[in-house]
Amino acid sequence: MENKEKGYFALVLHAHLPFIRHPEYDDFLEEDWYFEAMCETYLPLLDIYERLTGENTDFRVTMSLTPPLCNMMTDDLLRERFRRYYNQRLELAEKEVVRNRNTQFYEVAKMYERKFRRIRELYEDYYHGNILDGFKKFQDMGKLEIITCGATHGFLPLEIRKEAVYAQIKIAADDYKLRFGRGPRGIWLAECAYNPGDEIYLKANGIRYFFLETHGIIYGSPRPRYGVYAPVYCPSGVAAFSRDMESAHQVWSAEMGYPGDRRYREFYRDLGYDLEYDYVKPYLHQDGVRRNIGMKYYKITGKVGLNEKAPYNPGEAREMAASHAGNFMFNRERQIEHLNGFLGRKPIVVSMYDAELYGHWWYEGPDFLEFLFKKLHYDQKTVKMITPSEYLERHPDNQMIQPSMSSWGDKGYNEVWLNASNDWMYRHLHKAVERMVDMSNRFPNADGILKRALNQCAREVVLGMSSDWAFLMTVGTAKTYSTKRFIEHTNRFIGLYEQIMGNRIEERYLADIEWRDNIFSHVDYRVFSTGAQERAAAAARQ
Amino acid sequence: MTSSGQLNNKNQQPDSDYKSLPESYGNTEAALLPRDPNWMFIYWEITDNSKANLAKEHGHDIFEKARHVVRVYDVTSADSSKYFDIPIMIDARNWYINVPVGGRAYCCEVGLVLPDGRFIGIVKTNTVNLPTGRVSEVTDEKWMSVSSDFDKLLQISGVEYIGKGSGEVAKSLAQRWEMLRSVFSRAASWGVSSISSHAPAGPAPEKKFWLVADCELILYGATEPDALVTVAGRKVALNPDGTFSMRFALPDGNMDLPIKALSKDETDSRQIEIKVIRTTKNDGK
């Protein structure tokens, strides 16, 4: 049995949302991003892992759970609000089952009721409100490898001070240890954005590997012997795995078009607009504006208007997901056989996706994954699922290459995060970092209120660094919100900075900000000191 | 999307922090950021004090007399004698810098060129290492492959997507991606197009001698932060400090760019009209 496989398949899901939590409001629209992802992606993934484990189906998956997401998942306020969210949805789903009896929507109404009940069961009975325990359980079993990400998904190639790069990694690694009981072995660099040399700070935090977009390795030097089908070691010894385009294309291309199949659920036809207003109003936000509420009764149907969509048939859609999983597996088998012959070495095919694509956007995506895991386990011997750590243990001998600067954004470099819509941010961001570094150097042993203020400054700086703000400004949606967030964090930093330097810290002002931006409760501001960064880099270089 | 919701009554002003960011930080300084193999972004601040000192030393009309430039040094090797100047306006406070070759280290200096050619440097940036944007020429003996194999390897690794025109994926699913991107996506939706849309990269060895060139237009300006600005009739979003900039494709022909600013109370307005003519001649070889 051992070693029969011809190559490896590593599935990498990047789960991330920016830290969105507004205690100053009772009800806040953008918090829904998190609740929707919980119901449509994070809990459904755990549901799959539970079922597969229950049936003794072996599987491997690598998932980033970014520090902002981990902080939201363990936050008491969001926990309560999430309960409110799924209970409301469940209440509506139950009403809908009654309303739709003897209609063509009965099956789909039943599906939502079943799903929201399962959400509640998983969240309350399995994980007692802490879904990180669920993920940790599968990591401890060796099925799931959880990796971290920069503290707030900071875009590292646009940082000038290395202290900022070090702080993003160090805060993330510390947060990971707190939640999962050991250090992270791998990291997802936000936006796959890599700046040559920065990996020394990964090494300094015990991180052994990260991921790159295809051309990060293809344009590396010297030429990569195995293309993207084997990891490489950076000069510092940290390994880099690179993205396979064929499997990426397979899922998302026009001609294969898995998610665009006419039998799958139509995203844009939503009950939030379809239902009678007074009936749906209790499930809308307090402003009463109709918006998507995540329950949809129609399928894509074809190229027809939204009013001509046909009713969704859950059974038919699930069969299609099974068929697509079969197709995907078949293609991986052929690809890996071919690569094995061509390379003379067992290739690793790394498929990287946003986790939220599975479920939130492609509603049947979790079904697809479940079928794929099962088929890979039972129906073939060519492909073995693997995590990067396992791969490096089996194949420690890899080529040393300096990868190229790269990202997975449009055009492959930094333009999505640096263009006319967001370039104004950087002078403010860099100034905040510079001041943060100066204060950390100046106050090596702060305590009392000064220490509290400095720690809060560190939180504000890292929150301002989230690549999400620049990204949302570029794509133009949620631009007002993202602009506001960046300005708020920067201004809060400036306010605290001025109070600290003027030796007049106002406790009330500080406490208010602590209450709003409570991410990283254990942060130590000295992570920004030049000494900390230099010592870490020096130790890692030895 | 905008935020919704009602305030917790227990709480004070939710938006107390929502004021604009500082215009300046009171230091003469500059920074350089990498954008891609051929572009960098520089921003700078020059304080009134620094300006006054320059005027004291070189004459009060120094800023009118001299050409404002960003001097771009190629600092890949220790010899920093290689540089070129890009004309700018010092009050623009930032600029996109195009460099002819990627894969090199650059550093910039904002300064003035006097009529007699002397250069007065005002402020220097950090150094930026740009990526090459192409397959390396360097091979590694221990891991070498025959070169025909390497070309095939590039193909199956996904280099085939380079130059294929961007976003077959994005195109067909454009509508859906829009929603997706707005809420969740990092750039997975752009994954396939990500290495396909920067042009003359790729394996060059089999190409003969060649030249590609193009140019774009950057328009910028500043006004009161709350003014309404239009360029060629299109409303422009101002940065919080009232500056704005836009990058246009610049095809051959004439381009008129009327820029209008209307004060917030709509009682005052200013207009500047810029006309640009581009002609491209190609020797056709």
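Which order do A:Leu357, A:Leu77 take by accessible area at a 1.4 Å probe, largest first?
Values: A:Leu357 0, A:Leu77 50 Å².
The residues order as A:Leu77, A:Leu357, largest area first.
How big is segment A:1-102 by the Kirkwood estimate over distinct Cα pairs, in Å?
Details: mean 1/r = 0.0604 Å⁻¹.
After inverting the mean inverse Cα-Cα distance, the result is 16.6 Å.
I'd like the per residue volume of the convex hull spanned by the Cα atoms of segment A:130-249, given in cubic angstrom.
Values: hull volume 14.8 nm³, N = 120.
Looking at segment A:130-249, the number lands at 123 Å³ per residue.
With a 1.4 Å probe and all protein chains left in place, how much of the accessible area of the protein assembly as shown comes from carbon and sulfur atoms, in whole percent? Can you show the working numbers first?
On the way: 16370 of 33470 Å².
Heavy-atom surface of the protein assembly as shown belonging to carbon and sulfur, 1.4 Å probe: 49 percent.
Sequence neighbours fewer than 8 away in the same chain don't count; with that in mind, list the aspartates and glutamates whose C-alpha is under 13 Å from A:Lys137.
A:Asp47, A:Glu50, A:Glu145
So what's the back-of-envelope 222 nm ellipticity for chain A, counting only DSSP H runs of four-plus at -39500 (n - 2.57) apiece and dividing by all residues, rounded to 500?
Values: 21 runs with 261 residues, N = 542.
Value at 222 nm, helices only: -15000 deg cm²/dmol.
When you look at the Cβ of every residue in B:84-91, what mean number of other chain Cβ atoms sits within 10 Å? Show your work: numbers first, answer last.
Working: counts 0, 0, 0, 0, 0, 0, 0, 0.
Neighbouring Cβ atoms belonging to other protein chains average 0 per residue here.
List the trypsin sites (Lys or Arg not before Pro) within segment A:312-397 that fall in a DSSP loop (any state other than H, G, I, E or B) and whose Cβ has at most 13 other Cβ atoms within 10 Å.
Working: sites: A:Arg318, A:Arg332, A:Arg334, A:Arg345, A:Lys374, A:Lys375, A:Lys381, A:Lys384, A:Arg394; in loops: A:Arg345, A:Lys381.
Counting only loop positions with at most 13 other Cβ atoms within 10 Å, the trypsin sites (Lys or Arg not before Pro) in segment A:312-397 are A:Lys381.
Segment B:216-278: Rg/Rh from Cα coordinates, Kirkwood Rh?
Details: Rg = 12.2 Å, Rh = 12.2 Å.
In segment B:216-278, Rg relative to Rh is 1.00.
Are there GluC sites (Glu not before Pro) in segment A:456-542 that DSSP puts in a loop and that have at most 16 other Cβ atoms within 10 Å, and which ones? Don't skip to the answer; put the middle values down first.
Values: sites: A:Glu460, A:Glu488, A:Glu498, A:Glu506, A:Glu507, A:Glu514, A:Glu534; in loops: A:Glu506.
Answer in residue order: A:Glu506.
With every protein chain present, what is the per residue accessible area of the protein assembly as shown (1.4 Å probe, Å²)? List each step's numbers first, then the result.
Details: 33470 Å² over 827 residues.
About 40 Å² of surface per residue is accessible.
At a probe radius of 1.4 Å, figure out the A/B buried accessible area, summed over both chains, and give it in Å² to the nearest 100.
Values: alone 21860 and 20740 Å², together 33470 Å².
What A and B bury together is about 9100 Å².
Filter the cross-link list A:Lys6/A:Lys170; A:Lys162/A:Lys479; A:Lys299/A:Lys381; A:Lys203/B:Lys82; B:Lys51/B:Lys281; A:Lys136/A:Lys170 down to pairs whose alpha-carbon distance in this structure exceeds 31 Å.
Working: A:Lys6/A:Lys170 38 Å; A:Lys162/A:Lys479 29 Å; A:Lys299/A:Lys381 35 Å; A:Lys203/B:Lys82 36 Å; B:Lys51/B:Lys281 42 Å; A:Lys136/A:Lys170 20 Å.
Check vs 31 Å cut-off fails for A:Lys6/A:Lys170; A:Lys299/A:Lys381; A:Lys203/B:Lys82; B:Lys51/B:Lys281.
Looking only at other chains, what is the average number of their beta-carbon atoms within 10 angstrom of each beta-carbon in B:237-245?
Values: counts 6, 1, 6, 6, 2, 0, 1, 2, 3.
Mean shielding by partner chains, rounded to a whole number: 3.
What are the semi-axes of the equivalent ellipsoid for segment A:260-398, taken as the square roots of 5 times the Cα gyration tensor eigenvalues, largest first, in whole Å?
Values: eigenvalues 334, 63, 26 Å².
Equivalent ellipsoid of segment A:260-398: 41, 18, 11 Å, largest first.
Considering the Cα trace of the protein assembly as shown, what is its radius of gyration and what is Dmax, both in angstroms?
27.4, 90
Just the Cα atoms of segment A:77-117, one point each, no solvent: what log10 I(q)/I(0) does Debye give at q = 0.22 Å⁻¹?
The calculated log intensity ratios at q = 0.22 Å⁻¹ are -0.63.
How many partner chain Cβ atoms sit within 10 Å of a residue's Cβ in peptide A:23-33, on average, as a whole number? Spell out each step's value before the answer.
On the way: counts 4, 10, 8, 6, 4, 4, 5, 6, 2, 3, 4.
Taking all residues of A:23-33 together, the mean is 5.
In 5 Å bins starting at zero, report the fraction of Cα pairs in segment B:243-285 per bin as a rounded %.
5, 14, 19, 18, 13, 11, 7, 5, 2, 2, 2, 0
Please report the net charge: other residues with Cβ closer than 12 Å to the Cβ of A:Glu333, K and R +1, D and E -1. Walk me through the intermediate numbers first.
Values: positive: A:Lys6, A:Arg332, A:Arg334, A:Lys375, A:Lys381, A:Lys384; negative: A:Glu5, A:Glu337, A:Asp379.
Result for the local shell: +3.
Work through the residues other than A:Tyr34 whose Cβ is under 12 Å from its Cβ and net out their charges, Lys, Arg +1 and Asp, Glu -1. Present the calculation step by step, with values, prior to reporting the outcome.
Numbers: positive: A:Arg21, A:Arg79, A:Arg81; negative: A:Glu30, A:Glu31, A:Asp32, A:Glu36, A:Glu40, A:Asp75, A:Glu356.
Its environment carries a net charge of -4.
With the cut-off at 21 Å, report for segment A:205-270 the share of all Cα pairs above it, as a whole percent.
Details: 969 of 2145 pairs.
That tail contains 45 percent of the Cα-Cα pairs.
Applying a 10 Å radius around every beta-carbon, put A:273-280, B:118-125 in order of their mean neighbour count, most first. Intermediate values should be presented prior to the final figure.
Numbers: A:273-280: 12.9, B:118-125: 15.9.
Highest mean packing first, the order is B:118-125, A:273-280.
Which residues, if any, in segment B:30-55 have at least 40 Å² less accessible area in the whole protein complex than in the isolated chain, probe 1.4 Å?
B:Leu33, B:Pro34, B:Arg35, B:Phe41, B:Tyr43
How compact and how long is segment A:448-494, expressed as Rg and Dmax of its alpha-carbon atoms in Å?
Both quantities, over Cα of segment A:448-494: 12.4, 43 Å.
Could you pull the Rg and Dmax for segment B:29-129, using just the Cα atoms, both in Å?
13.6, 41
If you average the C-alpha positions of segment A:516-542 and of segment A:327-380 separately, how far apart do those two centres end up, in angstrom?
One Cα centre to the other: 38 Å.
With a sphere of radius 14 Å drawn around the Cβ of A:Arg223, what net charge do the other residues whose Cβ falls strictly inside it have (Lys, Arg +1; Asp, Glu -1)?
Values: positive: A:Arg225, B:Arg134, B:Lys142, B:Lys152; negative: B:Glu137, B:Asp140, B:Glu141, B:Asp149, B:Asp151.
Local charge sum for A:Arg223: -1.
Taking 23 Å as the cut-off for C-alpha to C-alpha distance, list the pairs among A:Lys303/A:Lys375; A:Lys110/A:Lys281; A:Lys143/A:Lys374 that go past it. Walk me through the numbers on the way to the answer.
On the way: A:Lys303/A:Lys375 32 Å; A:Lys110/A:Lys281 21 Å; A:Lys143/A:Lys374 13 Å.
Distance filter (> 23 Å) returns A:Lys303/A:Lys375.
Cα centroid distance between segment B:82-110 and segment A:238-294, in Å?
So the separation of the two Cα centres works out to 43 Å.
So which residues of segment A:329-373 lose at least 20 Å² of accessible area, probe 1.4 Å, when you go from the chain by itself to every protein chain present?
Output list: A:His338, A:Phe342, A:Asp354, A:Glu356, A:Leu357, A:His360, A:Trp361.
The values are calculated or read from the model by the stated rules, or taken from the named source; none is laboratory data. Just so you know, these numbers come straight off a predicted model, no measurement behind them. With ideal geometry, Cβ positions are generated from the backbone for all residues, glycine too; neighbour counts draw on all protein chains shown. We work out accessible area using only protein heavy atoms, side chains counted, and drop any ligands, DNA or RNA first. Shrake-Rupley method; radii C 1.70, N 1.55, O 1.52, S 1.80 Å.
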